[in-house]
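Here the structure comes first, spelled out in structure tokens, and everything after it is commentary.
The values are calculated or read from the model by the stated rules, or taken from the named source; none is laboratory data. Quantities reported herein were computed from a predicted structural model and do not represent experimental measurements. Here Cβ is always computed from backbone atoms with ideal geometry, including for glycine, and neighbour counts include all displayed protein chains.
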Amino acid sequence: MADAPNQPNGNRPEWMGSILGVATFVLGVALLWMTFQWAYGVLTQTPAQTLGLKDGEAVDLNVAGRNFLGVLVKVMALVLMAGIGATIATRGVKLYMASREHVSQRPNKRAE
């Protein structure tokens, strides 16, 4: 293979690693975006909607408690999804940087 024109003496970046790193980063950011969209939908509901309360009716503690536990499960899922999305995005950055690392670590052999 011929050397890349901008990278003398075989100091070529790994293009497949770069593409994979960027794709992984974009996937992580997309997961974070979906998490925040879902969180916005969950957290903008009124407490009456969230707990299943109706105007003029007595509070049914069984229904309110069940709905409250459902909210807690959703919040835990949101935290988990945000953590996974952030981890995937971080891995994408690390993959990208690792594909570029060998270029900066190799000494340039200059023809003298």
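Is it true that Q45 is part of a helix (DSSP H, G or I) and free of Cβ contacts under 8 Å to residues at least 60 places away in the same chain? The answer is no for Q45. Against the list (1) exposed (fewer than 15 other Cβ atoms within 10 Å of the Cβ); (2) of a type outside the set (F, W, Y); (3) within 30 Å of G28 (Cα to Cα); (4) at pLDDT 80 or above, the condition V103 fails is (4).
Looking only at segment 15-48, count how many residues are farther than 29 Å from I88 by Cα and either surrounded by 15 or more Cβ atoms within 10 Å (Cβ to Cβ) or under 16 Å from the mean Cα position of the chain (by Cα) (or both). I'd like the intermediate steps shown before the answer.
Keep residues of segment 15-48 that are farther than 29 Å from I88 by Cα, which gives 45-48.
Going one step further and asking which of them are either surrounded by 15 or more Cβ atoms within 10 Å (Cβ to Cβ) or under 16 Å from the mean Cα position of the chain (by Cα) (or both), we end up with none.
Counting residues in segment 15-48 that are farther than 29 Å from I88 by Cα and either surrounded by 15 or more Cβ atoms within 10 Å (Cβ to Cβ) or under 16 Å from the mean Cα position of the chain (by Cα) (or both) gives 0.
Considering only segment 80-96, state which residues are over 12 Å from L31 (Cα atoms), modelled with pLDDT of 90 or more and among the aliphatic types (A, V, I, L, M). Working first, answer last.
If we filter segment 80-96 for residues that are over 12 Å from L31 (Cα atoms), which is where we start, we get 90-96.
Filter once more, so that each one left must be modelled with pLDDT of 90 or more: 90-94.
If the condition is that a residue be over 12 Å from L31 (Cα atoms), modelled with pLDDT of 90 or more and among the aliphatic types (A, V, I, L, M), then V93 is the only one that fits.
Among the residues making up segment 49-71, those that are assigned to a helix (DSSP H, G or I) and either surrounded by 11 or more Cβ atoms within 10 Å (Cβ to Cβ) or among the hydroxyl-bearing types (S, T, Y) (or both) are T50, L51, V63, A64, G65, R66, N67, F68, G70, V71.
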